[in-house]
Amino acid sequence: MSDMAPHRTRSRRPPATAWAPGQSGNPLGRPPGTRNRATLLAEALLDGEVDAIVRRVIDGALAGDPVCLRLALERLVPPAKDRPIQIELPRLATAADAVTAVAALTASVADGAITPAEGVALAGLVEIHRKTLETATLVARIEALERNQR
């Protein structure tokens, strides 16, 4: 038999005591409030030391240690996910008005009034509004054509 012979695999049958497909060995799942072993171990290791560790991080931050500063700031001031934005957009009465709205958004990004990510998000809203207006216009036109053919 050569080394290049096809490799055959045997399909293993599950033991007779295996769970049926779709049936769980623990149908109730993990009990609510159960904590991971790693969390319990970390809490046991830090038990009684948390105050000292926090104090050292604060002292390091006050001394200018960049790692301690980052840790302290991340805990004190979490990164902002969203913020209210106030910019002037033209009224979107027709689908064609989306052009001027996107131009206003682009100018706001260029001026630094909003971030590029905020501009993209707002442009997405303008696009959804444009599609809605366009769809409503098409529905009205189709209904008018159907009325005229009767």
Only one of 91, 70, 141 is basic (Lys, Arg), in the same structural domain as residue 53 (by TED's automatic domain parsing) and either farther than 30 Å from residue 54 by Cβ or loosely packed, with under 14 Cβ neighbours inside 10 Å (or both). Can you tell me which? 70
How many residues does region 94-150 hold that are β-branched (Val, Ile, Thr), over 19 Å from residue 83 (Cβ atoms) and without any contact (Cβ under 8 Å) to a residue 24 or more places away in the chain? 8
Give the residues of region 90-129 that are assigned to a loop (DSSP other than H, G, I, E, B) and over 27 Å from the mean Cα position of the chain (by Cα), sorted by residue number. 90, 91, 92, 93, 94, 95, 96
Conditions: (1) exposed (fewer than 10 other Cβ atoms within 10 Å of the Cβ); (2) part of a helix (DSSP H, G or I); (3) not charged (D, E, K, R). Residue 20 meets all but one. Number of the miss? (2)
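The values are calculated or read from the model by the stated rules, or taken from the named source; none is laboratory data. Here the structure is a predicted model, which means the values were calculated and not measured. Methodologically, a virtual Cβ is constructed for each residue, glycine included, from the backbone with ideal geometry; neighbour enumeration extends over all protein chains shown.
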